[in-house]
Amino acid sequence: MNNNLFTALRAAFPKDLDAIAVESVISADISPSSSLSYSWRDLDRATAMMANLLKSLDLPKGARVAVQVEKSVEAMMLYLATLRAGYVFLPLNTAYQSAEIEYFVGNAEPSVVVCSPANFGWVSKIAFKAGTQNVFTLGDDRTGSLLDRAAHCSDQHTPAVCQADDLAAILYTSGTTGRSKGAMLSHNNLLSNAQVLKDYWGWQPNDVLIHALPIFHVHGLFVALHGALLNGSKMIWLSKFDSKIVVQKLPEATVFMGVPTLYVRLLAEAGLTKDAVRNMRLFVAGSAPLLLETFNLWQERTGHIILERYGMSETAMLTSNPYAAKDGERRGGTVGFPLPGVNLRVQDDEGATLPVSEIGGIQVQGPNIFKGYWRMPEKTAEEFTSDGYFKTGDVGKIDDRGYVTIVGRSKDLIISGGYNVYPAEIEGYINDMPGVSESAVIGVPHPDFGEVGVIALILKPGASLTAEAVLADLKAKLANFKIPKRCFVLQELPRNTMGKVQKNLLREQYKGLFA
């Protein structure tokens, strides 16, 4: 039996391969030229040609294909082609800069790197220096050397035979020490999760998904994409989120998935009315905490109750509020119940399971849990309990009805606009700046992004570095979503008796900055 994830997704394609699989929306203009349609046959042929191109490169078994390109239907096809050919897909955030890419390429040692045409100069230097043999370009306008080369390949391809435990993807998730970790996800990890969500969220034959999320992380690449493909559902594809286009397209759709920031921006659109969502079946939110205010406003404005869920790069989806009324109500402020097949418990620091409503560390077990961190066996061992549960690093509780609530995150993780931001990584860059003695980066509430970073730092005697200069320096080195919104130069940082900086006091001090 072939356990290749692609074979399961391909088997779900509708019988009519000439039906539209993806409508790629180019602009809000309603003229025919404002969108481009791809049939299911197009997906099948294009992924076959790309898979044949990869196969022609004579790559080793388990070869990594690292991809940092703008979102496009062709980029999605490249992901499917990598699965089809039996290789390992490694998506990289388009905001990553050279220092970050250098680390990922050096650590993952990909056989193939695909980048945007505009970045070929500096990305190819990094890749070739690290020993990568093949560097291609792929633009978001259907240009680039990848498509040029694939055009000469056959459009017939038999999917590679994969075992359930074979690697399908590696997702890098920054560590609190500043060193990124590659979460290794198998074909079975991803397929089992997609199949559970297909049933739990009641996917229906006539569903149409608005895909407005990036495809370099779990939410857009796995949850949304696999959901639509495994159901044979058409996607309305937006290369970037645009609230006006989404509102315009809502009457043609039934499912929408977004991070809380997207819901906040949609609520600002006058066109978001009950009539606009008359055909919608499901709104899903995740990747960051959804404010109760947003949850309530959405219900009031649209008549729909957002379904909030919880997952991570290492696990895909873990919990979900109920879809069907028979399973319970959707409760704002919670992430619902553990999904079928997922075991979830809350434990204290000594490893004792806590009673109802007591707060502790969330641990999980199930077929969706990753295989470990790439080339980090010690770190992998450290993150699993002796009885096989993964320690998520999140802190939460389970109430008497079984609803899970995430109350915080260990290790000071900031989730800004749905993206994970790790203070230790940013602090490392700040502390290296001439004149900086020490810094602390904290997350504070923000009405649009959920949370944003704030820097508090102290200078060395005689230094004249300004807050503006610190932020400008960071912008040249890090992805934009990691850049803190404010910086404060202090005389001293609050500390406990052991000399450790008390970030909780800083969070309290600056919590009203963006209120």
### Query
Here is a list of conditions, (1) in contact with a Lys or Arg (Cβ under 9 Å, 6 or more places away or on another chain); (2) part of a loop (DSSP other than H, G, I, E, B); (3) among the aliphatic types (A, V, I, L, M), and Val454 meets all of them except one; can you say which number that is?
(2)
### Task
Taking the residues in the range 369-408 that are among the small types (Gly, Ala, Ser) and assigned to a strand (DSSP E or B) as candidates, determine which candidate is surrounded by the most Cβ atoms within 10 Å (Cβ to Cβ).
Gly396
### Candidates Pro461, Pro484 - the one that is surrounded by 13 or more Cβ atoms within 10 Å (Cβ to Cβ) and either more than 27 Å from Leu291 (Cα to Cα) or not assigned by TED's automatic domain parsing to the domain that holds Ile101 (or both)
Pro484
### Task
Examine the range 409-420 for a residue that is assigned to a strand (DSSP E or B), surrounded by fewer than 18 Cβ atoms within 10 Å (Cβ to Cβ) and over 19 Å from the mean Cα position of the chain (by Cα), and state whether such a residue exists.
no
### Of all residues in the range 258-285 being in contact with a Pro (Cβ under 9 Å, 6 or more places away or on another chain) and more than 15 Å from Phe449 (Cβ to Cβ), the one that is surrounded by the most Cβ atoms within 10 Å (Cβ to Cβ)
Val277
### Message
When you scan the range 13-27, do you find a residue that is surrounded by fewer than 18 Cβ atoms within 10 Å (Cβ to Cβ) and at pLDDT below 95, even just one?
### Response
yes
### Task
Test Val255 against the criterion of being among the aliphatic types (A, V, I, L, M) and either under 26 Å from Leu413 (Cβ atoms) or crowded, with 20+ Cβ neighbours inside 10 Å (or both), and give yes or no.
yes
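Table: residues versus (1) modelled with pLDDT of 95 or more; (2) crowded, with 23+ Cβ neighbours inside 10 Å; (3) under 26 Å from Pro322 (Cα atoms).
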site	(1), (2), (3)
Asp166	yes, no, no
Thr173	no, no, no
Ala194	yes, yes, yes
Trp201	yes, yes, yes
Gln204	yes, no, yes
Leu209	yes, yes, yes
Val223	yes, yes, yes
Asn231	yes, no, yes
Ser239	yes, no, no
### Query
Name the pairs: first residue in the range 337-360 and assigned by TED's automatic domain parsing to the domain that holds Lys326, second residue at pLDDT below 90 and among the small types (Gly, Ala, Ser), Cβ to Cβ under 7 Å, at least 6 apart or on different chains?
Val346/Gly360; Val346/Gly396; Gln347/Gly360; Asp348/Gly360; Leu354/Gly360; Ile359/Gly396
### Query
In the range 1-21, which residue that is outside any helix (DSSP H, G or I) and hydrophobic (A, V, I, L, M, F, W, C) is farthest from Gln204 (Cα to Cα)?
Met1
### Query
Residues Ala169, Ala183: which one is closer than 18 Å to Gly393 by Cβ, of a type outside the set (D, E, K, R) and not in a loop (DSSP other than H, G, I, E, B)?
Ala183
### Task
Scan (1) under 27 Å from Pro447 (Cβ atoms); (2) in a loop (DSSP other than H, G, I, E, B) for the single condition Pro322 breaks and write down its number.
(1)
### Query
Which residues, taken from the range 464-479, are closer than 23 Å to Gln509 by Cβ and either in the same structural domain as Ala95 (by TED's automatic domain parsing) or out of contact with any Gly (no Cβ under 8 Å at 6 or more places or on another chain) (or both)?
Thr466, Ala467, Glu468, Ala469, Val470, Leu471, Leu474
### Task
Among what's in the range 82-102 and is over 19 Å from the mean Cα position of the chain (by Cα) and surrounded by fewer than 21 Cβ atoms within 10 Å (Cβ to Cβ), pick the residue that is modelled with the highest pLDDT.
Glu102
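Residue-wise test of (1) within 17 Å of His211 (Cβ to Cβ); (2) of a type in the set (S, T, N, Q); (3) in contact (Cβ under 8 Å) with a residue 60 or more places away in the chain.
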position	(1), (2), (3)
Met257	yes, no, no
Val264	no, no, yes
Ala270	no, no, no
Phe295	no, no, no
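The values are calculated or read from the model by the stated rules, or taken from the named source; none is laboratory data. None of these values were measured; they are calculated from a predicted model. As a convention, Cβ positions derive from the backbone with ideal geometry for all residues, glycine included, and neighbour counts pool all protein chains shown.
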